[in-house]
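Q: Take this structure first; my questions come after.
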Amino acid sequence: MIDSSESLPRKIIHIDMDAFFASVEQRDNPELRGRPVAVGGSSRRGVVAAASYEAREFGVRSAMPSVTAARRCPGLVFVPPRFEVYRNVSQQIRQIFSRYSDLVEPLSLDEAYLDVTRDKQGVGSATRIAQLIRAAIREETRLTASAGVSYNKFLAKIASDQNKPDGICVIRPHEGADFVSSLPVRRFYGVGPKTAERMGRLEIHLGADLRDRDMEFLREHFGKSADYLYHAARGVDQRQVKPDRIRKSVGCERTYSEDLVTDAALYGALERIIDMAWSRIENNGARGRTVTLKVKYDDFRQVTRRTSCAGYIADRREFGAIAEELLALVLPLEHGVRLLGLTLSGLAGPEPPGEAGPGIPLARAQGEFEF
């Protein structure tokens, strides 16, 4: 028997929780509701992990230094993160996802892709499924989520950001190319400030400008990204939603309130980083060959040192010994250290190259089924 769903465009939903960490804090503490809130440390070395929408109105953003955030928003309330609570809420949300699809690809605690092409509950419409999911999240967690619905991952993710917060945006198969043509290139996934600046110098400002450039031009100026840019500018993305996404690395890092300026302080801090990183490695059941040390100095200059082993690293002792050898490579210190990090990569079971599934001609999708 032929599965007719294979001949139709995919139905992809991207769910993105609204200001997740900050919204959980406002939910759990009524005194924070309606106030500008930043999750993170308020110290001189603190960093904002998440900001409420009230704080965002003042330009406060995640990854911003806390001192900058406080300067932009004098009434900003800092609250320490509670990651265990966020993880528990994330699990609640994923249970809601599982009612509608077995193809769920979490990207982080607060966002995920769902492929609802094969409709688990027989709802018949991806748009309706997204509405039901958002309603269930609101009812069961007292939080809001935004959703993007489209025929591929690229457009679904962009759509989820289109009507935030607490909104939904649907981009149907016959609308994708036109939608992308009016999209600023800065909103393309993977196009950062430097790439956008380079595109500007080439008179590429919108998706339509990008679509006007041929593959040869894109390869000359953007190298390995050319294929992605060429297809994305035409609303094409054949990556599948993969519930078994495999981690590329596992580890942790820590920013210090006071600079580490002696060898003894560095090795003491590294010991704690080793313990935290190895705990995460064990929790993930990870096995890897490559250890990377990350060091950020007080002048914000950053260096990395890494080494790879012939076989998988056996235990915490071996992992720690390698980390100490890497630290020795950056000594003696010329500057104080404000951040240390360790990761294990080269993990077992690498993701197979390329995520593309069977291509689906857009011409066949013109108005053929309900989104």
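Q: So how many residues does segment 211-241 have that are in a loop (DSSP other than H, G, I, E, B) and either without any contact (Cβ under 8 Å) to a residue 40 or more places away in the chain or surrounded by fewer than 17 Cβ atoms within 10 Å (Cβ to Cβ) (or both)?
A: Within segment 211-241, residues that are in a loop (DSSP other than H, G, I, E, B) and either without any contact (Cβ under 8 Å) to a residue 40 or more places away in the chain or surrounded by fewer than 17 Cβ atoms within 10 Å (Cβ to Cβ) (or both) number 5.
Q: Just to confirm my filter: which strands (runs of 3 or more DSSP E) fall fully inside segment 255-349 and include at least 2 residues that are closer than 29 Å to residue 49 by Cβ and touching a Phe, Trp or Tyr at 6+ places or on another chain (Cβ under 8 Å)?
A: The strands (runs of 3 or more DSSP E) meeting that bar are 337-345.
Q: Moving on to the next point. Sort out which residues of segment 121-169 are surrounded by fewer than 23 Cβ atoms within 10 Å (Cβ to Cβ) and either in the same structural domain as residue 183 (by TED's automatic domain parsing) or touching a Gly at 6+ places or on another chain (Cβ under 8 Å) (or both), and write them in order of number.
A: 157, 158, 161, 162, 168, 169
Q: Just the residues that are acidic (Asp, Glu) and farther than 20 Å from residue 164 by Cβ, please, taken from segment 22-63.
A: 28, 31
The values are calculated or read from the model by the stated rules, or taken from the named source; none is laboratory data. Predicted, not measured: the structure shown is a model, and the values here were computed from it. Glycine also receives a Cβ, built like all others from the backbone with ideal geometry; neighbour counts cover every protein chain displayed.
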